[in-house]
1. Report, to the nearest 10°, how far helix 216-228 tilts away from the longest principal axis of the Cα atoms in the chain, using its own Cα long axis and a range of 0 to 90°.
2. Which entry in (i) 20.5, 74; (ii) 44.3, 189; (iii) 23.5, 70 matches Rg and Dmax of the Cα atoms in Å derived from the coordinates of this structure?
3. Ranked highest first by average number of other Cβ atoms within 10 Å, how do 206-219, 50-63 line up?
4. Evaluate E = 1/(1 + (r/R0)^6) for ILE165 and LEU283, where r is the Cβ-Cβ distance and R0 equals 41 Å; express this FRET efficiency to the nearest 0.05.
5. Please get the size of the charge dipole for region 138-226, origin at its Cα centre, with Cβ charges of +1 on Lys and Arg and -1 on Asp and Glu, quoted in debye to the nearest 20.
6. Using only DSSP helix segments of four residues or longer, with each worth -39500 (n - 2.57), what per-residue ellipticity at 222 nm results for the chain after dividing by its residue count and rounding to 500?
7. Subtracting the Cα-Cα distance from 0.36 nm times the residue separation, let me have the gained length for ALA196 to ILE220 in nm, one decimal.
8. If the elastic network links every pair of Cα atoms under 10 Å, which of LEU167, LEU334, LEU315 fluctuates the most in the Gaussian network model of the chain?
Amino acid sequence: MLFDVKKYLLPSAVLAALTLVGCGDQPQQQGGALPVDVYVVTTENVPVISHLTGRANPTRKAEVRPQVTGILQKRLFEEGSVVQQGQQLYQIDPSVYEANVKSAEANLASAKATLHSTQLRAERYRHLLDQKAVSKQDYDDAQAAYLNAKASVQAAEANLKKANIDLGYTKVYAPITGTINRSTVTEGALVSAGQANALTTIQQLDPIYVDLGQTAEEHIALRKSLTEGKLLNEGKAKVDIYFSDGSAYDKQGEIEFTEVSVDESTGMVNLRAIVPNPDNIILPGIFLRGDINQGSIPNAPVVIANGAQREPNGLTYAYVVNDKGLVERRDIKLSIEYGNLYVVSSGLKVGDKVIVSNIQKIRPGMPVTPILPKDNAQAAK
């Protein structure tokens, strides 16, 4: 039987070609390295930002109370307006106090007249005593009457001064400059000296205080870092203010002081920030967030956020390309978050190539080809 060579020649050639192609591809799959993007661990001067919450308080606050008793005749301010220190706010009926002043003036005049009379008598008795025309007892009595009259004048002068002071108190003045609240009384009301309720309240709102609470543990850790030189701080810490809806206030404040004691009920340390408030946008009692720049960590090693992997048990690790081009797993510890970066406490060193792509496809010991970005800023985007 004769074979048709041409019939089987093409299929054999095709098979041989396929075999050659297959043989050529197989080594490439076995020896090829998976390309992966990497982030090179570098150093940054990382700012330490504390995110704290608190409330606003006026820098100065004065409760206006009457110092004499009487009927309120007039209210002389517009509620909600800005009043100046020394500006008259209320007028209390002065008629009783004007009468007290006139009475005190009359008593003083009478006391002075008595003093003049007793003084002349004491002087006459002194001359008569020298001539032995009066007894020593009569002279002593005249001298005592003179001294008593002199004391009466001093008492009358003090009473007149007090009467004038009380008359002055019928005009109620602003003790400080600031924004005045609503009046709690109206014309015709009886007000009393030492009453519990204030007539009104004045608050100074520019600048304004923002009292922020920081846990004692965080406060102690920051102070230790400053002492040990791990944290650099230049001057007063700056504060960025945010409202409860997340919107930012357009003016920056600064920490004025930190309390030296811990609130036993909350375990917090109070940090008081002073913030410009020219338009009175921040009102006392409002809830705010303050981001405080506590300083910076110099030359801190950082890694991009997507280079850090987490296990369900909370353990953090990263895949690194070692010197042999193989994947290596490193257990790491992270501390401060800085934008899209984390400060590395341990597990990585400067120059390590951290894998940030094809994470699901790689395993420890697997060969990979690292693709370096033009710069780490590009990788961090």
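What follows draws every value from the coordinates through simple rules; no lab data is involved. Everything numeric here is computed off the predicted structure, so don't read it as measured data. In this analysis, Cβ positions are derived from the backbone assuming ideal geometry, glycine residues included, and neighbour counts consider all displayed protein chains.
1. Here the helix axis deviates by roughly 80 degrees.
2. (ii)
3. Working: 206-219: 18.9, 50-63: 16.8.
Result, highest mean Cβ count within 10 Å first: 206-219, 50-63.
4. Working: r = 36 Å, r/R0 = 0.89.
That gives a FRET efficiency of 0.65.
5. Details: 7 positive and 10 negative charges, 70 e Å.
Using Cβ point charges on Lys, Arg, Asp and Glu, region 138-226 gives about 340 debye.
6. Working: 5 runs with 115 residues, N = 381.
Computed ellipticity for the chain at 222 nm equals -10500 deg cm²/dmol.
7. Working: separation 24, 0.36 × 24 = 8.64 nm, distance 4.18 nm.
Full-extension gain reported as 4.5 nm.
8. Result: LEU315 has the largest fluctuation of those listed.
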